[in-house]
1. With (1) surrounded by fewer than 23 Cβ atoms within 10 Å (Cβ to Cβ); (2) farther than 20 Å from residue 158 by Cα; (3) in contact with a helix residue (DSSP H, G or I) (Cβ under 7 Å, 6 or more places away or on another chain) as the list, and residue 56 as the residue in question, which single condition is left unmet?
2. Which numbered condition trips up residue 139, out of (1) assigned by TED's automatic domain parsing to the domain that holds residue 221; (2) assigned to a helix (DSSP H, G or I)?
3. Just to be sure before I move on: is residue 106 within 28 Å of residue 332 (Cα to Cα), touching a residue at least 60 places away in the same chain (Cβ under 8 Å), surrounded by 19 or more Cβ atoms within 10 Å (Cβ to Cβ) and out of contact with any strand residue (DSSP E or B) (no Cβ under 9 Å at 6 or more places or on another chain) in the structure I sent?
4. Within the range 215-241, track down each residue that is within 21 Å of residue 367 (Cβ to Cβ) and either within 19 Å of the chain's Cα centre (by Cα) or not in a helix (DSSP H, G or I) (or both).
5. Determine which member of the set 359, 374, 405 is modelled with pLDDT under 95, surrounded by 14 or more Cβ atoms within 10 Å (Cβ to Cβ) and within 23 Å of residue 252 (Cβ to Cβ).
6. Just name the residue that is nearest to the chain's Cα centre (by Cα) out of those in the range 16-53 that are in a loop (DSSP other than H, G, I, E, B) and surrounded by 20 or more Cβ atoms within 10 Å (Cβ to Cβ).
7. So which of 128, 178, 173, 152 is outside the structural domain of residue 422 (by TED's automatic domain parsing) and in contact with a helix residue (DSSP H, G or I) (Cβ under 6 Å, 6 or more places away or on another chain)?
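The values are calculated or read from the model by the stated rules, or taken from the named source; none is laboratory data. For clarity, every value in this text was computed on a predicted model and none was experimentally measured. Glycine also receives a Cβ, built like all others from the backbone with ideal geometry; neighbour counts cover every protein chain displayed.
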């Protein structure tokens with residue numbers, strides 16, 4: 001059954017419309033309290049947010065909803081998403097929630113959910129929460145004397161900074177490394193520069209002045225032009241770009257070239273293998289990772305396992321297989337068997353550890369394979385239809401994707417999927433025959449745009 005509210009990673013949409021409203025957030029908090037069996041137990045929820053203006057509104061609504069159910073709330077303010085994963089364990093809380101739309105523009109927002117182990121909640125729990133949101137929950141609210149409380153955690157940033165620094169090898173320092181850090185005017189605007197500075201790097205920090213409106217705006221992982229410019233201008237050793245909630249990272253080398261998650265994963269895999277640290281000779285990525293990565297890993301004796309898109313699914317598969325390295329081409333990198341979600345700062349420290357020991361330019365450290373020609377295209381439609389396109393998001397996409405994959409099975413890899421975070425159909429075609437791939441991409445785009453038009457006409 002397709003979910004109405006939950007997508008690839010929690011709930012997301014346009015702020016103050018649709019499902020991202022105060023009214024829905026109050027009901028979400030109440031439904032979550034019931035679904036997680038928190039009633040009468042004085043459970044504790046950790047709530048963080050990124051730097052979007054709408055974060056204040058959603059934070060207040062969620063807090064009110066939980067307090068009305070007798071649940072206590074710990075507010076930590078603007079913090080990276082992986083900090084919620086860490087703090088929910090550190091504080092022995094019952095649930096963590098991050099108010100963020102990750103890499104989306106400021107006008108979107110959403111909520112990510114973390115269970116007490118620090119991992120994302122299951123699809124089964126998401127469905128249970130959704131079912132409850134369609135019912136009358138007024139009979140479950142707490143009596144006036146059993147209301148929850150809210151408090152602010154003053155040392156949240158310090159806790160997370162020390163936690164991240166602890167992941168860096170204690171015998172290494174970043175002294176002598178000049179590093180540009182683009183914080184995307186997001187949740188790590190203050191934390192990331194401090195982490196790298198305290199480990200010894202010379203840090204040139206940019207996009208560290210959030211206004212509530214400039215998160216991910218022509219900066220961060222979504223637009224590396226500014227970072228490239230700064231790396232070349234300052235003759236830096238490398239550049240690090242984060243996204244709005246700092247769970248993703250991309251690197252810019254000393255020549256100004258962007259290095260994506262696939263190349264980072266390839267380099268980390270080889271590094272861990274050579275140091276006898278790669279568990280079970282496995283790496284987990286998603287269906288979007290380039291075939292060049294898979295072919296390269298085979299040459300050094302590592303098997304690649306693919307999952308659906310989303311670091312949540314990568315982490316789940318890593319746990320099943322006993323794997324300690326995984327991630328996405330987009331920059332979610334998971335290092336370690338106990339890591340519960342992507343962490344952009346930790347991944348950057350992993351890159352810097354390799355760089356420190358290799359004593360080669362970062363361009364040589366991170367470029368391990370030649371990618372197979374891969375072409376992507378996004379088909380955007382009106383945001384108000386995002387939760388109505390159940391047919392297109394399900395059966396039709398699967399039908400079209402299956403047709404092309406079976407027809408060109410030996411020469412082409414095809415992925416067609418509804419974004420779980422935006423009103424976009426994402427297309428990807430990969431083939432050694434670049435002309436064939438581009439022609440197929442156009443053909444698929446036309447077919448799906450016709451389907452969208454048909455659905456729009458039928459919905460009137």
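1. Among (1) surrounded by fewer than 23 Cβ atoms within 10 Å (Cβ to Cβ); (2) farther than 20 Å from residue 158 by Cα; (3) in contact with a helix residue (DSSP H, G or I) (Cβ under 7 Å, 6 or more places away or on another chain), residue 56 violates only (3).
2. Every condition holds for residue 139 apart from (1).
3. Numbers: within 28 Å of residue 332 (Cα to Cα): yes; touching a residue at least 60 places away in the same chain (Cβ under 8 Å): yes; surrounded by 19 or more Cβ atoms within 10 Å (Cβ to Cβ): yes; out of contact with any strand residue (DSSP E or B) (no Cβ under 9 Å at 6 or more places or on another chain): yes.
Criteria met by residue 106.
4. Correct list: 221, 224, 235, 236, 237, 238, 239, 240, 241.
5. 374
6. Ranking the qualifying residues of the range 16-53, first place goes to 50.
7. Working: 178 fails: in contact with a helix residue (DSSP H, G or I) (Cβ under 6 Å, 6 or more places away or on another chain); 173 fails: in contact with a helix residue (DSSP H, G or I) (Cβ under 6 Å, 6 or more places away or on another chain); 152 fails: in contact with a helix residue (DSSP H, G or I) (Cβ under 6 Å, 6 or more places away or on another chain).
Testing whether each residue is outside the structural domain of residue 422 (by TED's automatic domain parsing) and in contact with a helix residue (DSSP H, G or I) (Cβ under 6 Å, 6 or more places away or on another chain) leaves just 128.
One line per residue, one yes/no per condition, for (1) at pLDDT 95 or above; (2) under 22 Å from residue 350 (Cα atoms); (3) crowded, with 20+ Cβ neighbours inside 10 Å; (4) not assigned by TED's automatic domain parsing to the domain that holds residue 354:
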| residue | (1), (2), (3), (4) |
| --- | --- |
| 188 | yes, yes, yes, no |
| 197 | yes, yes, no, no |
| 203 | yes, yes, yes, no |
| 208 | yes, no, no, no |
| 220 | yes, yes, yes, no |
